[in-house]
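Working notes, beginning with the structure itself.
The values are calculated or read from the model by the stated rules, or taken from the named source; none is laboratory data. Quick caveat, the model's predicted, so the values are computed rather than measured. Note that we place each Cβ from the backbone using ideal geometry, even for glycine, and neighbour counts take in every protein chain shown. Remember, those area values only see protein heavy atoms, side chains included, never the ligands or the DNA or RNA. Shrake-Rupley method; radii C 1.70, N 1.55, O 1.52, S 1.80 Å.
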Amino acid sequence: MFTAAGFAKTWEYVSLFKEGLICTVSMSFLTVVFGFVLALMLAIMRLSNFRPFRALGLTKDGRLRDGGPLLALSRFNPLDFLATAYVEILRSTPVMVQVFVIYYVVLGNVDLPNFKLFGMIRFDRFFPGVVALSMNSGAYLCEIIRAGIQSIDGGQSEAARSLGLSSTQTMRHIILPQAIRNILPPIANEFVVIIKESSVCWTIGVQEIMYAVSATKGATYRIAEPLVIATLLYFCLCFPTSKIIAYFERRMSRGSKR
Amino acid sequence: MAANANSLIRVTDLKKHYNKGAIKALDGVTVDINRGDVMVVIGPSGSGKSTFLRSLNLMEEPTDGSIVFGGVDITKKKVMNDEGKMVKLDIDLHRRKMGMVFQHFNLFPHMTILENMTLAPIQVKHVPKAEAEEKALALLDRVGLKDRANAYPIQLSGGQKQRVAIVRALAMEPEVMLFDEPTSALDPEMVGEVLDVMKELAHEGMTMVVVTHEMGFAREVGNRVLFMADGKLVEEGSPEEIFDHPQHHRLQDFLSKVL
């Protein structure tokens, strides 16, 4: 299966793996950043109190109705609905399908600038990959953020509101500072997940680690040795990262237990 | 109930229903809270006394009835302003005049005691930071916790936390203080220190509405006692009337169990 000659041959293409490593890391990093921004917007939409038909839920003398369809309609939040639909669709379809849809359908007829990042990574492949992965992880990160915010005890917001703070002030001074503590470790974990999931992007020609494997295979007719190298690279990226995260997670939870 | 110049909060026929009226947490409560009242609300669990208290500053949104506070019915979504126009009711404006103390303290764990106390005065009333801190320290001194100003809530005992929670509410200079079972989550040996602070507050003339199981406190400090059962106000009177001459059989039954 493995031969010394095989490794020697594979080694001739080691620069491909170096490029792949840089590509995987930068793609994952950008994905977490863009995914987080998207997730923040989605989470705000999901937690918003935007109810355009609010007035329908009130009786003539300005009191809340007892029940009925008008009350239900008055509670309808279109922002929440859109964000929820987005999250559920993205979480219920495979990443590979999403990558293909973005690359072939959404950006299929768009002429992307044809330059090379770091002098080697083709932007017209890299960009759709980042877009697809960001959209995917945005959905997951949204749920992480939402859960982090909702995990804060309701008494906290009651106490703040009883002191006269507005809902925005409560969010800013009371809820978010506490939620971020809960949110940071799972976000870092999502980074590890994306490093692994980004491997599907070789199917659209992004020059990440799996792309190096397939290129080396084509040139050397060896598969086992390139795969060993790829496995090692992924493991060396993910394992230490998750250990570091676990360490900080333990440290952060130390002071905050009630 | 006749109009009363001394009235601070007038609650009329307050109702809170769940499941389209299947559950009546509050079933028509009418009461006038006067300035300087120390009103103690007692009753079996599930009687609606907490819901009643939490409705007063709209932590719970009533289904029906009115709560007039400072001349405004705060249960209405829209109110008439000075120019006679209908505008959205700003509940935050009213809440800052009503201090609230919770069973589980609800101190902000990511802030020091001093920051807990100055947050609302600085953010809501725009008091300068130095002034807010000075006032907070004076309040902490009153409850014997000045030296803990820079501690975090986690470093305090339950009794200390609740004393901080009380002065945190006082820092907003409220017109009325609402206490929602303030000693129920405390170890027995810490109940006294919290009740002492509340007693002192009562003697200073603060208007207080207290939901509690501390019958001793109700008798000693309260000037009015409300007994609630099944979401209704069953009996109301002075501590002597309630504890020594209970009329309603529900109250007699309740007192025989708790006294």
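Numerical summary
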item	result
Test item: Cα-centred dipole of the protein assembly as shown, Lys/Arg +1 and Asp/Glu -1 on Cβ, debye	1680
Rel. contact order, % - alpha carbon contacts under 8 angstrom, at least six apart, chain A	29
Given charges at beta-carbon only (K, R positive; D, E negative), |dipole| of segment A:97-199 in Debye	180
Per-residue HN-Hα couplings for segment B:158-164 [Karplus 6.51, -1.76, 1.60; θ = phi - 60°; Hz; x = Gly/Pro]	x, x, 5, 4, 5, 5, 5
Segment A:1-84 - convex hull of alpha carbons, volume per residue in Å³	133
Shielded by partner chains, segment A:165-199 residues - at least 10 Å² of accessible area, 1.4 Å probe, vs chain alone	A:Leu165, A:Ser166, A:Gln169, A:His173, A:Ile174, A:Pro177, A:Gln178
For segment A:66-89, residues shielded by at least 50 square angstrom of accessible area compared with the chain on its own, probe 1.4 Å	A:Asp66
Fraction of antiparallel bridges per DSSP, the protein assembly as shown only, in percent to nearest 5	60
The protein assembly as shown - accessible surface per residue (Å², probe 1.4 Å)	49
Threshold 40 Å², segment B:53-101 residues less accessible with all protein chains present than alone (1.4 Å probe)	B:Met59, B:Thr63, B:Lys76, B:Lys77, B:Asp92, B:Arg95
Contact order relative to length of segment A:89-222, as percent, for alpha carbon pairs under 8 angstrom and 6 or more apart	28
Total formal charge among the other residues, if their Cβ is under 13 angstrom from that of A:Leu42, Lys/Arg +1 and Asp/Glu -1	0
Whole-percent carbon and sulfur share, accessible surface of segment A:51-201, 1.4 Å	63
At R0 = 22 Å, FRET efficiency that the Cβ-Cβ distance of B:Asn81 and B:Asn223 yields, to 0.05	0.05
Space enclosed by the convex hull of the alpha-carbon atoms of the protein assembly as shown, per residue, Å³	225
Average projection area in nm² (convex hull over Cα atoms of chain A, one quarter of hull surface)	19.6
At 1.567 mPa s and 4 °C, Stokes D of segment B:88-190 from Kirkwood alpha-carbon radius, µm² per second	93
Percent breakdown of C-alpha pair distances by 5 Å bin, ordered from the shortest bin, for segment A:123-258	2, 9, 14, 14, 14, 12, 10, 8, 6, 5, 3, 2, 1, 0, 0
Formal net charge of residues neighbouring A:Ala4 (Cβ-Cβ distance under 14 Å; K, R +1; D, E -1)	0
Summed side-chain charge close to A:Thr31 - residues other than A:Thr31 whose Cβ falls under 13 Å, Lys, Arg +1, Asp, Glu -1	-2
Separation of alpha-carbon centers, segment B:205-259 and segment A:1-24, rounded to whole Å	82
Relative compactness, segment A:112-191, computed as alpha-carbon Rg over 2.2 N^0.38 Å	1.64
For the pair A and B, total buried accessible area rounded to nearest 100 Å², probe 1.4 Å	2500
Largest-first principal axis extents, alpha carbons of chain B, Å	53, 51, 37
DSSP H segments from chain A that extend 15 Å or more along their own axis, Cα-based, with Kyte-Doolittle mean of 1.6 or above	A:14-47
Spin-label model distance (nm) - B:Ile154 vs A:Phe115, 7 Å beyond Cα toward Cβ	4.8
Protection-proxy order for peptides A:218-226, B:9-17, each taking the mean of Cβ atoms within 10 Å per residue, highest first	B:9-17, A:218-226
Portion, in percent, of the accessible area of segment B:2-127 that falls on carbon or sulfur, probe 1.4 Å	49
Chain B, relative contact order [Cα under 8 Å, separation at least 6], %	25
Rg followed by Dmax, in Å, when segment B:1-106 is reduced to its Cα trace	14.4, 46
